[in-house]
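A.B. asks: Submitted below is the structure of interest, expressed as structure tokens.
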Amino acid sequence: MRLDVNDHAYELHCEVGTTLAEALRDELSLTGTKIACGEGHCGACTVLVDGAPVLSCITLAHAVGDAKVTTIEGLREHPMLRSFVRADALQCGFCTPGQVVSAVALVEARPEPTTEEIRHAMAGNLCRCGAYPKIEEAIRTWRD
Ligand code: FES
Ligand code: FES
């Protein structure tokens with residue numbers, strides 16, 4: 001199967017049933033995408049598929065087809081990443097790749113989201129460290 005990730009086309013030989021998260025991490029060594037719950041509950045595994053946030057732990061790699069996948073590695077130059085660092089919006093950092101990916105999807109659609117829009121868009125991304133106030137600040141100030 002072919003997978004388009006971060007503007008590179010990869011040829012993979014995944015077994016049917018391989019999740020997108022497993023394909024990214026195990027086949028492509030793109031380990032920025034985290035697997036925590038593995039059941040679609042926490043958002044740690046969020047990636048973009050054609051610009052929309054998707055839970056890669058419950059998405060089959062074969063179902064992605066020709067869509068463009070963007071992982072945290074593909075967002076290195078995005079100002080959102082710097083904004084998370086500037087706002088100190090992380091503690092252990094395990095949830096951070098998924099948080100940044102979801103935040104990027106939000107501001108691409110709504111460059112100046114309200115607090116309510118931020119909370120709504122980020123509701124699927126859990127943070128056990130409770131960094132939510134600073135995550136909101138990072139998203140509010142991403143273009144500063
Ligand atoms: S690891 Fe995918 S939602 Fe938790
Ligand atoms: S920073 Fe630790 S889980 Fe979010």
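The values are calculated or read from the model by the stated rules, or taken from the named source; none is laboratory data. Just so we're clear, the structure is a prediction, and the values are computed from it rather than from any experiment. Reconstructed Cβ throughout: ideal geometry from the backbone, glycine too, with neighbour counts over all protein chains shown. With ligands, DNA and RNA removed, areas are computed over all heavy atoms of the protein, side chains included. Shrake-Rupley method; radii C 1.70, N 1.55, O 1.52, S 1.80 Å.
A.B. asks: Can you give the accessible area per residue of the chain, in Å², using a 1.4 Å probe? Show your work: numbers first, answer last.
C.D. replies: Working: 7710 Å² over 144 residues.
I get 54 Å² per residue for the chain.
A.B. asks: Let me ask something additional. Expressed as a rounded percentage, what relative contact order does the chain have, with Cα pairs under 8 Å and six or more residues apart? Walk me through the intermediate numbers first.
C.D. replies: Numbers: 258 pairs, mean separation 36.4, N = 144.
The normalised contact order for the chain reaches 25 percent.
A.B. asks: Given points 7 Å out from each Cα along the Cα-Cβ axis, report the residue 16 to residue 110 separation in nanometres with one decimal.
C.D. replies: 4.1
A.B. asks: Could you rank the peptides 18-25, 56-63, 6-13 by their average count of other C-beta atoms within 10 Å per residue, with the highest value first? Each step should come with its number before you reach the end.
C.D. replies: Numbers: 18-25: 22.8, 56-63: 19.1, 6-13: 11.6.
Highest mean packing first, the order is 18-25, 56-63, 6-13.
A.B. asks: Could you identify which residue out of 28, 48, 106 has the top mean-square fluctuation in a GNM of the chain using Cα springs shorter than 10 Å?
C.D. replies: Taking springs between Cα atoms under 10 Å, the residue moving most is 28.
A.B. asks: At a 1.4 Å probe, what is the % contribution of carbon and sulfur to the accessible area of the stretch 77-125? List each step's numbers first, then the result.
C.D. replies: Numbers: 1410 of 2590 Å².
C and S atoms contribute 55 percent here.
A.B. asks: Right, next: Helix 96-109 versus the longest principal axis of the chain: what is the Cα-based angle in degrees, 0 to 90, to the nearest 10?
C.D. replies: 80
A.B. asks: Relative to a virtual label point 7 Å from the Cα of residue 82 in the Cα→beta-carbon direction, which members of the stretch 1-17 show backbone nitrogen distances below 18 Å?
C.D. replies: So the set is empty, nothing qualifies.
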